[in-house]
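The values are calculated or read from the model by the stated rules, or taken from the named source; none is laboratory data. What you see is a predicted model; the values in this text were computed from it and never measured. Because the Cβ atoms are built from the backbone with ideal geometry, glycine has one as well, and the counts that use them run over all protein chains shown.
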Amino acid sequence: MPIAGIYGPDDFANRPQGPIINQVTASSRTAPARRGPTLPAPALDWTPEVERATAPLYERVKHVIPPIEWPLMAPTIKAINELKRERGAVILAHNYQAPEIFHCVADIGGDSLQLAVEATKVKANIIVQCGVHFMAETSKLLNPDKTVLIPDSRAGCSLAASITSADVRLLREKFPGVPVVAYVNTSAEVKAEVDICCTSSNAVQVVESLNAPSVIFLPDRYLATYVASKTDVKIIAWKGACEVHERFKGEELRALREADPSVQIIAHPECPPDVLAEADFTGSTAHMINWVREKRPQRLVMITECSMADNVRAELPDVEMLRPCNLCPYMKRITLANILDSLLTLREEVTIDPALAERARRSVERMINLKN
Ligand code: 13P
Ligand code: SF4
């Protein structure tokens, strides 16, 4: 059914003034880590030894990284992998990270849900989060005693930036007794105000798990619209959007299909409804990857972030990827150079006020503990 209502900052006369939200809020900051000394920078020369040591890694990405570029990356990749061992660190990477990160330095890759679940199992004392800030916050919430580093604390998210904890309180005042579901693409402050989190992998399941006739679902208006189309629960939405996915247009997909009716189109549910209407499959980044592994289409359009198409092509070179795709400028803030720097200096460390973290952790854990 269509969403029952959609609210935004302009709908509340008593909303506190000021910028919508800063990515790094008062209660969750990044700061130089206190544990461990800065290590000396390693030499980053392209030598026969580097070439030999990184050859198996190049095999993984040879279909998406030209041989001429490898000597520029390989020395840093080798240094990161050595430092990881020295520091006892683990690298978690989202599916939108560039192939040289996703396939060559990450220990664990996945969508937001997989990364959150994997974060609960980490044994290492240091987690380097290659993704955006809310993902690093989620890892910190689930590992309060570990050091969680994000190589560039400016790696934000337009969805997380669209709503404040005060907005959630105003929504609760307007709809007393209606439970609140927050997409994980939110700050820890917002997570602390809600009943449960969800990701695009489990949004419908989470909404239905509440056994309520109406649910406030925030902050992504398009994911909310998609969820509403799959459930009888009345969905009250917030006006946030992903600046990467909202740029896609249904008409560009229709043109692609007209040019080649055999092309398969798969899309992330953060896209607008006219885009999803053209898709053969809609799902989270992990669900999209599994769909490609299973169906092995000859020609494919992935309506999502560009690096994911590269990561899939690295694994399945027989699948021809057609553009369009869009780059997420926040995900692209994470680079080999700043991952190396993060391991050398143990910066930037994500810290969250413990009282706030306890409340935010409850909504993440409630999601993780949902039975499939
Ligand atoms: P997934 O949970 O599907 O990986 O999505 C995260 C995200 O930020 C998509 O833009
Ligand atoms: Fe946020 Fe969109 Fe980037 Fe995902 S792709 S991190 S939702 S801005």
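Couple of notes before you dig in:
- Where Ile68 falls short, out of the listed (1) more than 16 Å from ligand 2 (Cβ to nearest atom); (2) part of a loop (DSSP other than H, G, I, E, B); (3) touching a helix residue (DSSP H, G or I) at 6+ places or on another chain (Cβ under 8 Å): (3)
Here's the yes/no breakdown for (1) aliphatic (A, V, I, L, M); (2) farther than 24 Å from Arg359 by Cβ; (3) at pLDDT below 95:
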site: Ala203; (1), (2), (3): yes, no, no
site: Ile216; (1), (2), (3): yes, no, no
site: Asp220; (1), (2), (3): no, no, no
site: Thr225; (1), (2), (3): no, yes, no
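- Qualifying position, being buried (at least 19 other Cβ atoms within 10 Å of the Cβ) and within 27 Å of Val61 (Cβ to Cβ), among Val128, Val117: Val128
- In segment 36-76, the residues that are among the hydrophobic types (A, V, I, L, M, F, W, C), under 20 Å from Ala314 (Cβ atoms) and surrounded by 13 or more Cβ atoms within 10 Å (Cβ to Cβ): Ala53, Leu57, Val61, Val64, Ile65, Trp70, Leu72, Met73, Ala74
- Considering Asp310, Asp341, the condition of being assigned by TED's automatic domain parsing to the domain that holds Val64 and charged (D, E, K, R) is satisfied by Asp341 alone.
- Residues that are in a strand (DSSP E or B) and either surrounded by 19 or more Cβ atoms within 10 Å (Cβ to Cβ) or on the phi > 0 side of the Ramachandran plot (or both) within segment 258-287 comprise Gln264, Ile265, Ile266, Ala267, Thr282, listed in sequence order.
- Per this entry, Gly240 is counted among residues that are within 13 Å of ligand 2 (Cβ to nearest atom), in contact (Cβ under 8 Å) with a residue 12 or more places away in the chain and small (Gly, Ala, Ser).
- Just so you know, in segment 132-162 the residues that are of a type in the set (S, T, N, Q) and away from ligand 1 (no atom under 16 Å from the Cβ) include one that is surrounded by the fewest Cβ atoms within 10 Å (Cβ to Cβ), and it is Asn143.
- Residue ID - surrounded by the most Cβ atoms within 10 Å (Cβ to Cβ), chosen from residues in segment 224-257 that are charged (D, E, K, R) and not in a loop (DSSP other than H, G, I, E, B): Lys234
- Residue count for segment 84-98 satisfying the condition of being touching a Leu at 6+ places or on another chain (Cβ under 7 Å) and more than 12 Å from ligand 2 (Cβ to nearest atom): 4.
- The combined condition, being away from ligand 2 (no atom under 16 Å from the Cβ) and either more than 23 Å from Cys306 (Cβ to Cβ) or in contact with a Phe, Trp or Tyr (Cβ under 9 Å, 6 or more places away or on another chain) (or both), is not fulfilled by Thr138.
- Ile101 among the aliphatic types (A, V, I, L, M), buried (at least 19 other Cβ atoms within 10 Å of the Cβ) and away from ligand 2 (no atom under 16 Å from the Cβ): no
Let's see how each residue does on (1) of a type outside the set (Phe, Trp, Tyr); (2) more than 22 Å from Ile65 (Cα to Cα); (3) more than 16 Å from ligand 2 (Cβ to nearest atom); (4) touching a strand residue (DSSP E or B) at 6+ places or on another chain (Cβ under 6 Å):
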{"site": "Val244", "(1), (2), (3), (4)": "yes, yes, no, yes"}
{"site": "Lys249", "(1), (2), (3), (4)": "yes, yes, yes, no"}
{"site": "Leu276", "(1), (2), (3), (4)": "yes, yes, no, yes"}
{"site": "Gly283", "(1), (2), (3), (4)": "yes, yes, no, no"}
{"site": "Trp291", "(1), (2), (3), (4)": "no, yes, yes, yes"}
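- If the condition is being of a type outside the set (Gly, Ala, Ser), in a helix (DSSP H, G or I) and in contact (Cβ under 8 Å) with a residue 60 or more places away in the chain, then segment 71-99 contributes Met73, Thr76, Ile77, Ile80, Leu83, Lys84, Arg87, Pro99.
- Residue in segment 187-194 that is assigned to a loop (DSSP other than H, G, I, E, B), crowded, with 24+ Cβ neighbours inside 10 Å and within 16 Å of ligand 1 (Cβ to nearest atom) present: yes
- Flag for Arg35 being outside any strand (DSSP E or B), under 23 Å from Leu340 (Cα atoms), at pLDDT below 95 and touching a strand residue (DSSP E or B) at 6+ places or on another chain (Cβ under 7 Å): yes
- Put simply, of Glu294, Glu208 the only residue that is out of contact with any Pro (no Cβ under 6 Å at 6 or more places or on another chain), without any contact (Cβ under 8 Å) to a residue 12 or more places away in the chain and not in a loop (DSSP other than H, G, I, E, B) is Glu294.
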